[in-house]
Amino acid sequence: MTGLDAPAALAAASKMSPTGMEDYPISLAQWSLHRAIRGGTLDPLDFPKVTRETYGLAGCEYVNSFYKAKLHDGAYFKELAKRASDVGVESLLIMIDGEGALGAPDAVERQMTVARHMLWAIRAKALGCHSIRVNAQSSGPRDEQARLAADGLRTLAERCAPLGLNVIVENHGGYSSDGDWLAGVIASVDLPNCGTLPDFGNFRLQGDEWFDRYRGVELLMPFAKAVSAKSHAFDAAGDETGTDYGRMMKIVRASGYRGWVGIEYEGGGLSENEGILATRRLLERNGCRAAAPIPGA
């Protein structure tokens, strides 16, 4: 064969949709299972195994809050990396919360926040992740928050660059849920390893005020190094009731992005298991692919 040998050609073909366009691999955000983990029915060490064997997915997105007690235990993270490797799962990123405001008005506090984030960056590197997900948290007037957040993000990205890690910001409350504001912050940082993790649902500005989610994702996709397919509830046809996934995935594809799309189920109407599977099915209908069929389906 020209260009590809037979096995490689078959592998490439398996990643193509009926339209001939490459599909997006589906990953699983650990927050989708936060009730099971907090309830003690799922050991965080088993997250890679569950991702692969229960949901047929091959990418993990970790949440630091489930590992804080083990942050200084290198052997624990070595074991986590081994378990992911043993089941053929790729560790993609760690979502970091609760480690301070990268845009804190006080310069010393910003530096301390960067230092705390770097502890997680070291663990992300050990797991083989490509990114750490952070928050562009700050306080004060809008423009001042943008300047301060950009300063903290720039410092953190510069320190993560030698590790080969990206620093990516999710629209995750405050001004970061304003697509214009966050896109402007990332543009002002202007570093190749500082980007975004557009979330389909996190565009609440305050109270009942929302930034348009489709415009927000469109603004953030040029900087995207991961995508979060947030889901809460589904109708009888299997569509997400708050987000048009077909429209969202058209925006994702039009941006030129070709990475993972992560399931993050946050709803209460379905169990975590049912919600994850419903989101997987919806993504598969809209240009995404899992690593394996749903076990037992």
*If we keep just the residues of the stretch 145-193 that are assigned to a loop (DSSP other than H, G, I, E, B) and among the polar types (S, T, N, Q), which is farthest from residue 97 (Cα to Cα)?*
193
_Enumeration of residues in the stretch 204-245 that are crowded, with 24+ Cβ neighbours inside 10 Å and either in a loop (DSSP other than H, G, I, E, B) or of a type in the set (Lys, Arg) (or both)_ = 213, 226, 230
*Considering the stretch 23-81 alone, what residues qualify as being among the small types (Gly, Ala, Ser) and in contact (Cβ under 8 Å) with a residue 12 or more places away in the chain?*
27, 29, 32, 36, 56, 58, 59, 65, 74, 81
*Tell me, yes or no, whether the stretch 92-106 has at least one residue that is in a loop (DSSP other than H, G, I, E, B), more than 21 Å from the chain's Cα centre (by Cα) and either among the aromatic types (Phe, Trp, Tyr) or surrounded by 17 or more Cβ atoms within 10 Å (Cβ to Cβ) (or both).*
yes
*Got a number for residues in the stretch 252-290 being surrounded by fewer than 21 Cβ atoms within 10 Å (Cβ to Cβ), within 18 Å of residue 195 (Cβ to Cβ) and in contact with a helix residue (DSSP H, G or I) (Cβ under 7 Å, 6 or more places away or on another chain)?*
2
_Of all residues being in a helix (DSSP H, G or I) and surrounded by fewer than 17 Cβ atoms within 10 Å (Cβ to Cβ) in the stretch 13-35, which is modelled with the lowest pLDDT? Just the residue, please._
13
_Here is a list: 158, 144, 109. Which entry is within 25 Å of residue 260 (Cα to Cα), surrounded by fewer than 16 Cβ atoms within 10 Å (Cβ to Cβ) and not small (Gly, Ala, Ser)?_
158
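The values are calculated or read from the model by the stated rules, or taken from the named source; none is laboratory data. Because the structure is a prediction, the values reported are computed rather than measured. All Cβ positions, even for glycine, are placed from backbone atoms using ideal geometry, and neighbour counts span all protein chains on display.
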